[in-house]
Each structure stands twice: as structure tokens, then as C-alpha cells.
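Structure, as C-alpha cells:
Quick note: the coordinates plus some simple rules give every number you see, no bench work behind them. This structure is a prediction, so every number in the text was calculated from the model and none was measured. Glycine gets a Cβ as well: all are built from the backbone with ideal geometry, and neighbour counts include every protein chain shown.
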Amino acid sequence: MGNILVLIETAGDGAPKSTAAALLGAAATIGTPVAVAVTTPGQGGDLAAQLGPLGAAHVYLAESGTAAAELGTAQVGALADAVQEYSARIVLVSNTNDSRTVAGRLAIVAGGSVAADAVGVRYDEEGQEVIVQHSVFGGDFTTESTVEGGLMIVTVRPGSVDARAEAVVGPQVKTVAVSTAAAPGARIDYAADAPAQTGRPVLRGAQAVVSGGRGLGSKENFALVEQLADSLGAAVGASRAAVDSGYVPQSYQVGQTGVSVTPQLYVALGISGAIQHRAGMQTAKTIVAINKDEDAPIFEIADFGVVGDVFTVVPQLIDEINARRG
Ligand code: FAD
């Protein structure tokens, strides 16, 4: 069991993003988790203090004054340096747009291969090779892959790993200046956070998701999906038909050409359950479907199904949830 590097994505305030806990948890199942993060010079202390409780045995803080203006370049440089520093053979990153880009570039710079969109990692029966699990064909099959020789870089689907590492009191922290010369990349001239539309959780990585489909019938009716989401503290998602019909923006789309989610709870309202939609949600831990067509394919994968009209069932559901909450 060697050192497993974990790339920590950070939010605007410098804190680790919510994906860090699962990445460190996955790393702890196959080795010693080493958190690698890029920070502004002198600003990494708080970050290191937050990574120990999430299970980082080591924290490698790569300081860069220009990281904010370089698209992933500092992260590639930091990981390439950390691979040498910790003699690491495996790197775990989140399967997000930013970290996927880093994964591909790191594979070129450090001579490795990318195992993309993993839902789990484990050792083989001999305890020698790390095996990566992938959920494919809309979640109907799980395939496994490994890398023979060279660095293995795994992009892990947010929400797919339940394992959490034991907290480490006082992880060993190493602070270095990151070298970015080896990996030139795109420059960021301007960036702004998209204004938060709601106080709801972000869809990617949410613990609970309520999605609506064409069965909602109109943009106005889609408010019902949002009301149920709010009563459950869930993120809001949608089918492509709901997006194409203009009920919600494309960023809400769950599925093959949208966001992949693996929440604890996924509620599908007025969604038929086409294979392309299932591709993005079938790995949810518990699936609840409400659809007036008893033959809708969504019921094939639902743990709980209600054959009924969403406009009759959902208001009752919201009332019941609110009543139980007191
Ligand atoms: P429909 O299939 O029209 O289903 C609506 C459902 O609502 C029906 O089952 C109906 O019984 C039910 N309903 C109607 N009224 C009510 C009511 N009052 N109460 C309860 N139930 C009701 N789709 C995605 O979602 N995500 C993707 O990423 C995606 N990518 C795609 C990529 C490609 C290349 C292609 C070809 C398609 C893709 N699609 C995707 C589209 C997908 O094939 C389906 O067309 C889409 O998912 C259907 O959305 P829907 O279930 O909301 O609509």
C-alpha cells in the first residue's frame, strides 16, 4: 500500500470542495491519502487544517501566485512534482470539468493513463493491482479496468464513493512553490462566479435530487418539482425533454448529455426513464418515481414507484413531509 495522491479542488474562499471527503475516503481504501492542493502563497494554512479531519495523512500545498490565471496548469505541475516527492503510482481526482482536464494533461506530463469516471477503486484478489470500477451503459453494467505500467490517474464520479477516511490529527504538511513551466496551458483573462439562483444544493454531488420531466407540462408547473426539492433539501434536476421544452436551463439536465449524479435519493417526477436519462442517475442509492403510466421504463429501476398524477401525488407528499417535520 503506497501513497495515493488526491487532487483537492478548492472553492472561491480557499476551502476544500465537498468532493474532497469521498476522494480521500477512496484513497484510504487502497493506500495512504496524500492531499495535493494549489493555494495562493501564504494562504494554505486553513486548507491544511481542514484536510486532516477528512483523512489526509499528508498535505502537499503547492503555492502559486498565478494559478488563478492559468487553467489547471498549476495543478498539473503540483501533481507531477508530488508524484516524485511521494513515489506515488496512483492519483485520484474528481470527475469534474476542471479535474478531468488536469487528469489528461498530467497523463502526458508524467507518463500515465487515465481511468475515467470511476465509481469505485479496490485491490485485486492478490492485493497487487488497483482495479477501477466504472458504471456503463446507463448503469446497467459495471466494468473494471486497470493500468499496466506508468502512473494511474483515476477520475472519480462525485457522489459515487461512500467510504470516508478516519480523521488524521496533525497531518504532515509540505509547502512548496509549484513549477508550471513544464505544462503550459490556457490563460484565464476573466472569471466570475455564476450568481447563485437559489439556496439549493448544487446538482453535481448533491445528496438528494428531485428531477422533473416533460410530464410537468409547463415551466410554471415545474415549480412543483422545486417545491418538493425544497421540502427535502434537495437539488433540482430535469430530463432533456424538460430542458428542450424550456422549463429549466440546460445546466439542470441529468443524463448522458447532462450531469451524472449519484445521490442517496433521486426522485423522478413525470420522467419516462429513457436510457439516456438513466445514464446519469441509475447509480443513485434510492430511486423514487412518480409517473401516471404504469409501463414507464423508470419503474424498472425504481426502488419505490407511485403510479399516479404528479399534480395529485406531489402536493400530498409535500404536505406529509412538512407535517412530519413539524
Ligand atoms: P417523455 O419521454 O415525454 O416522458 C414524460 C413522462 O411523463 C411519461 O412517462 C408520462 O407518462 C409522464 N407523465 C405525463 N404527465 C404526467 C403527470 N401528470 N403525472 C405523472 N406522470 C406524467 N434525456 C435526458 O433526460 N438526459 C440526457 O442527457 C439525454 N441525452 C440524450 C442524448 C441523445 C443522443 C439522445 C438521442 C437523447 C437524449 N435524451 C436525454 C433524451 C431521451 O431520449 C428522452 O427523450 C428524454 O429523457 C425524455 O424526457 P422525459 O422522460 O421528460 O419525457
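Rg(Cα) of region 279-326 divided by 2.2 N^0.38 Å?
On the way: Rg = 12.3 Å, N = 48, 2.2 N^0.38 = 9.6 Å.
For region 279-326, the normalised Cα radius of gyration is 1.29.
Charged side chains reduced to their Cβ positions (Lys and Arg at +1, Asp and Glu at -1) give region 155-294 a dipole of some 300 debye around its Cα centre.
Students often check this: by mean Cβ neighbours within 10 Å, which of 213-224, 25-36, 314-325 ranks highest, and how do the rest follow? All intermediate terms of the calculation are to be shown ahead of the outcome.
Numbers: 213-224: 17.8, 25-36: 23.5, 314-325: 12.5.
The packing order, highest mean first, is 25-36, 213-224, 314-325.
Based only on the alpha carbon positions, what is the Kirkwood hydrodynamic radius of region 13-110, in angstrom? Before the final figure, lay out each step's value.
Working: mean 1/r = 0.0732 Å⁻¹.
It is 13.7 Å.
Sorted by average packing, counted as other Cβ atoms within 10 angstrom per residue and highest first, what order do 4-13, 231-240 take? Don't jump to the answer; show the numbers that get you there.
Details: 4-13: 20.8, 231-240: 23.8.
Highest-to-lowest ranking by the protection proxy: 231-240, 4-13.
Ignoring lysines fewer than eight residues from residue 219 along the same chain, the ones with Cα atoms less than 26 angstrom from its Cα are 292.
Can you tell me what the convex hull of the Cα atoms of region 225-326 projects to on average, as an area in nm²?
Working: hull surface 24.2 nm².
Computing the convex hull of the Cα atoms and averaging its projections yields 6.0 nm².
With each run of n ≥ 4 DSSP H residues scored as -39500 (n - 2.57), what mean residue ellipticity at 222 nm is computed for the chain after dividing by its residue count and rounding to the nearest 500 deg cm²/dmol? Don't skip to the answer; put the middle values down first.
On the way: 9 runs with 84 residues, N = 326.
Rounded to the nearest 500, it is -7500 deg cm²/dmol.
Of the residues 50, 27, 37, the one whose Cα sits farthest toward the positive end of the charge dipole of region 25-121, with +1 on the Cβ of Lys and Arg and -1 on the Cβ of Asp and Glu, is 27.
Averaging 1/r over every pair of different alpha carbons in the chain and inverting the result gives a Kirkwood radius of 20.9 Å.
What do you get for Rg/Rh of region 135-277 when both radii come from the Cα atoms and Rh is the Kirkwood radius?
On the way: Rg = 19.6 Å, Rh = 18.4 Å.
Rounded to two decimals, Rg/Rh equals 1.07.
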